[in-house]
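Since the structure comes first, as structure tokens, the remarks are kept for the end.
The values are calculated or read from the model by the stated rules, or taken from the named source; none is laboratory data. Quick caveat, the model's predicted, so the values are computed rather than measured. Every residue, glycine as well, gets a Cβ built from its backbone with ideal geometry; the counts of neighbours run over all protein chains shown.
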Amino acid sequence: MNDAFPLRTPLLILTPPTDQDIDAIFRIHADARTYQHRPDLAMKNRKEAEELARTWQENWDEQGLGYYVVSTIDGTTIGFTGVRHSEEAGEQVLNLYYRFAPESQGQGYAKEAASAAIANAQERFPQLPIIAIIDPTNEASIGLALRLGLHHVHGAGVPNDYEVYRLS
């Protein structure tokens with residue numbers, strides 16, 4: 001099922017993850033610059049990337065939806081975005097995720113890719129709200145969520161002092 005859901009934008013190709021993406025998953029998630037708000041969250045070893053890839057693949061296999069590998073038209077992997085089914089505070093939602101290589105940030109790629117993933121999810125699952133759970137110290141992530149049309153939900157009750165942003 002993984003190759004059944006590619007998305008294309010003017011500049012990007014979004015594909016479900018495969019085992020061939022593990023190195024890119026590790027490269028981007030292990031780069032402390034990707035986690036400027038909390039460098040301690042950066043991956044420590046390739047096994048973590050393998051486990052994350054497996055989880056993402058299971059989301060696609062079981063739910064037909066998940067996080068995409070984002071590549072430029074020339075095939076360079078620059079990040080990840082998408083939504084997956086989740087239950088938060090007793091509500092079925094689609095959880096939005098994005099993580100991009102530092103060298104690809106600030107160029108509009110994350111917004112373009114996340115917008116495509118959101119549009120696809122809304123078409124396929126219009127009954128489910130889209131949310132993003134964000135560390136309040138991650139200003140870049142909050143900024144992108146706001147540019148994507150999400151708004152802050154006060155007192156949403158998620159753990160670890162994270163905050164919820166919801167698409168209107």
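Checked against (1) modelled with pLDDT of 95 or more; (2) touching a helix residue (DSSP H, G or I) at 6+ places or on another chain (Cβ under 6 Å), residue 48 passes all but condition (2). Screening the stretch 1-22 for residues that are assigned to a loop (DSSP other than H, G, I, E, B) and closer than 19 Å to residue 54 by Cβ and picking the one that is modelled with the lowest pLDDT gives 1. Per this entry, residue 110 is counted among residues that are assigned to a helix (DSSP H, G or I), in contact with a Gly (Cβ under 8 Å, 6 or more places away or on another chain) and farther than 15 Å from residue 17 by Cα.
The residues on offer are 132, 119, 140, 89, and the sole one that is among the hydrophobic types (A, V, I, L, M, F, W, C) and under 12 Å from the mean Cα position of the chain (by Cα) is 132. Taking the stretch 49-75, which residues are surrounded by 18 or more Cβ atoms within 10 Å (Cβ to Cβ) and either among the polar types (S, T, N, Q) or in contact (Cβ under 8 Å) with a residue 40 or more places away in the chain (or both)? 56, 57, 59, 60, 65, 66, 67, 68, 69, 70, 71 - these are the residues of the stretch 49-75 that are surrounded by 18 or more Cβ atoms within 10 Å (Cβ to Cβ) and either among the polar types (S, T, N, Q) or in contact (Cβ under 8 Å) with a residue 40 or more places away in the chain (or both). Taking the stretch 49-81 as the range and being among the small types (Gly, Ala, Ser), more than 21 Å from residue 103 (Cβ to Cβ) and in contact with a strand residue (DSSP E or B) (Cβ under 7 Å, 6 or more places away or on another chain) as the test, only 66 passes.
Residue under question is residue 126, and the condition is that it be part of a loop (DSSP other than H, G, I, E, B) and either modelled with pLDDT under 95 or among the charged types (D, E, K, R) (or both); does it hold? In short, no.
To keep it simple, each residue is scored yes or no on (1) surrounded by 18 or more Cβ atoms within 10 Å (Cβ to Cβ); (2) at pLDDT 95 or above; (3) not hydroxyl-bearing (Ser, Thr, Tyr).
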site: 120; (1), (2), (3): no, yes, yes
site: 141; (1), (2), (3): yes, yes, no
site: 151; (1), (2), (3): no, yes, yes
site: 163; (1), (2), (3): yes, no, yes
site: 168; (1), (2), (3): no, no, no
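The number of residues in the stretch 73-99 being more than 21 Å from residue 158 (Cα to Cα) and in a loop (DSSP other than H, G, I, E, B) comes to 4.
Could you please let me know if residue 40 is loosely packed, with under 12 Cβ neighbours inside 10 Å, modelled with pLDDT under 95 and either out of contact with any Asp or Glu (no Cβ under 8 Å at 6 or more places or on another chain) or not hydroxyl-bearing (Ser, Thr, Tyr) (or both)?
Numbers: loosely packed, with under 12 Cβ neighbours inside 10 Å: yes; modelled with pLDDT under 95: yes; either out of contact with any Asp or Glu (no Cβ under 8 Å at 6 or more places or on another chain) or not hydroxyl-bearing (Ser, Thr, Tyr) (or both): yes.
Yes: the conditions hold for residue 40.
Within the stretch 14-24, the set of residues being within 15 Å of the chain's Cα centre (by Cα) and either small (Gly, Ala, Ser) or more than 21 Å from residue 63 (Cα to Cα) (or both) comprises 24 only.
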